[in-house]
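Q: Quick one: this structure, given as structure tokens, is what I'll be asking you about.
Every read-out reported here was derived from the displayed coordinates using simple, explicitly stated rules and does not represent laboratory data. None of these values were measured; they are calculated from a predicted model. So basically every Cβ, Gly included, is an ideal-geometry build from the backbone, and we count neighbours across all protein chains shown.
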Amino acid sequence: MNREAIVGALFSKLTGPPLVFPFAADLTTGSPTLTNVADTSGLMLGMPVSGDGVSEGATIAMVTPAVTLSLPAIADRSAASLLQGFQTTGRRLRDPSAEQDMPALYLVELNEMHAYRGSTSGVVVELNCEAWIFTRVGADENAVPAAMLNFLIDAIERAINPNGTHFRQNLGLNGVVYARIEGELQKDPGHSAQTAMAVIPIKIAAAQHLDNFPL
């Protein structure tokens with residue numbers, strides 16, 4: 001088993017579409033509609049969008065027939081570089097109260113579970129990780145604190161469960177039995193502090209006697 005290869009593969013899943021999806025589009029001042037969108041394949045309803053000319057707090061309101069944001073653009077831009085999803089990612093947990101670009105996602109490694117070894121072959125080890133996500137609620141009294149958390153959790157579930165059927169995957173690696181969300185998902189909507197967070201438990205089962213090369 002190659003632990004770093006496994007955790008690295010999971011981190012790659014959590015930092016790809018729809019969780020982190022860069023794309024380009026034209027913006028028009030006062031209009032929520034994006035034009036000449038270079039790629040819509042990773043766009044997901046409700047996900048936050050950031051970039052030059054985009055209103056703070058904008059999200060994807062519609063993908064078809066036209067990509068539309070929840071808030072109008074604040075500047076004209078041609079082929080603007082935009083980003084859907086997490087602006088900050090890492091494998092080292094940072095202080096959410098410190099200045100950083102939000103929303104943020106951190107993958108944290110926890111304990112391992114080793115079963116009783118009745119034989120020397122076929123031993124499966126469980127690796128436990130947590131995805132910590134943070135987002136700012138903002139001062140708008142009409143904002144629903146848990147709403148953005150829910151969209152981000154949906155996107156993480158979609159990344160872990162790309163086929164929408166088995167609710168797990170092998171991360172594209174030999175020897176990985178499954179990677180899936182398992183356990184209690186904790187939420188703090190941030191009603192007073194205005195910083196919302198969620199901790200999502202992810203369990204990976206891998207055969208200890210196999211190398212984890214890409215399939």
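Q: Sequence gap at least 6, Cα distance under 8 Å: using those rules, report the relative contact order of the chain to the nearest whole percent.
A: On the way: 495 pairs, mean separation 43.0, N = 215.
Reported relative contact order: 20 percent.
Q: Let me ask another. Taking other Cβ within 10 Å of each residue's Cβ, how do 116, 106 sort, fewest first?
A: Listing 116, 106 from fewest to most nearby Cβ atoms yields 116, 106.
Q: Can you compute the charge dipole magnitude of the chain about its Cα centre, using +1 on each Lys and Arg Cβ and -1 on each Asp and Glu Cβ, nothing else charged? Give it in debye, rounded to the nearest 20.
A: Roughly 580 debye, rounded to the nearest 20.
Q: Suppose we flag GluC sites (Glu not before Pro) only when DSSP calls them loop and at most 14 other Cβ atoms lie within 10 Å. Which is the longest uninterrupted stretch of the chain? Intermediate values should be presented prior to the final figure.
A: On the way: sites that count: 56, 99, 141, 184.
Answer from the scan: 1-55.
Q: Now a separate question. Evaluate the relative contact order of segment 20-85 (contact order divided by residue number), counting alpha-carbon pairs under 8 angstrom at least 6 apart; express in whole percent. Walk me through the numbers on the way to the answer.
A: Numbers: 173 pairs, mean separation 29.8, N = 66.
It rounds to 45 percent for segment 20-85.
Q: Using Cα pairs closer than 8 Å and at least 6 residues apart in sequence, work out the relative contact order for segment 75-193, in percent.
A: Details: 127 pairs, mean separation 19.4, N = 119.
Relative CO of segment 75-193 lands at 16 percent.
Q: Let me know the charge dipole size of segment 1-93 about its Cα centre in debye, to the nearest 20, where only the beta-carbon of Lys, Arg (+1) and Asp, Glu (-1) is charged. Write out the running numbers ahead of the final one.
A: Values: 5 positive and 6 negative charges, 94 e Å.
With only Lys, Arg, Asp and Glu charged at Cβ, the dipole is about 460 debye.
Q: With springs only between Cα atoms under 10 Å, which of 14, 71, 110 fluctuates most in a Gaussian network model of the chain?
A: Fluctuation is largest for 110.
Q: Next question, about the same structure. For the pair residue 187/residue 115, report the inter-label distance in nm, with labels modelled 7 Å from Cα in the Cβ direction.
A: 3.4
Q: Hey, fewest Cβ within 10 Å first, where do 213, 11 land in order?
A: In increasing order of surrounding Cβ atoms, one gets 213, 11.
Q: In a GNM of the chain with a 10 Å cut-off on Cα contacts, which of 49, 67, 123 has the highest mean-square fluctuation?
A: Per the Cα network of the chain with a 10 Å cutoff, 123 tops the list.
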